[in-house]
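Encoded as structure tokens, the structure appears first; notes follow it.
The values are calculated or read from the model by the stated rules, or taken from the named source; none is laboratory data. Just so it is clear, the structure is predicted and the values come from calculations on it, not from any experiment. Glycine also receives a Cβ, built like all others from the backbone with ideal geometry; neighbour counts cover every protein chain displayed.
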């Protein structure tokens, strides 16, 4: 996971999104629940 220091349980803040269907905006907080082999974060 180059360039990312997040680990499971880390609190993170959304900086930007290009998803027109999300109800989350910049500044939203979440907790990392999973990181797959490609480095994709699953956040709750």
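Please tell me if residue 6 is in a loop (DSSP other than H, G, I, E, B), touching a strand residue (DSSP E or B) at 6+ places or on another chain (Cβ under 6 Å), modelled with pLDDT under 95 and on the phi < 0 side of the Ramachandran plot.
It is true that residue 6 is in a loop (DSSP other than H, G, I, E, B), touching a strand residue (DSSP E or B) at 6+ places or on another chain (Cβ under 6 Å), modelled with pLDDT under 95 and on the phi < 0 side of the Ramachandran plot.
Could you list all residues from region 9-44 that are surrounded by 12 or more Cβ atoms within 10 Å (Cβ to Cβ), assigned to a loop (DSSP other than H, G, I, E, B) and in contact with a strand residue (DSSP E or B) (Cβ under 6 Å, 6 or more places away or on another chain)?
10
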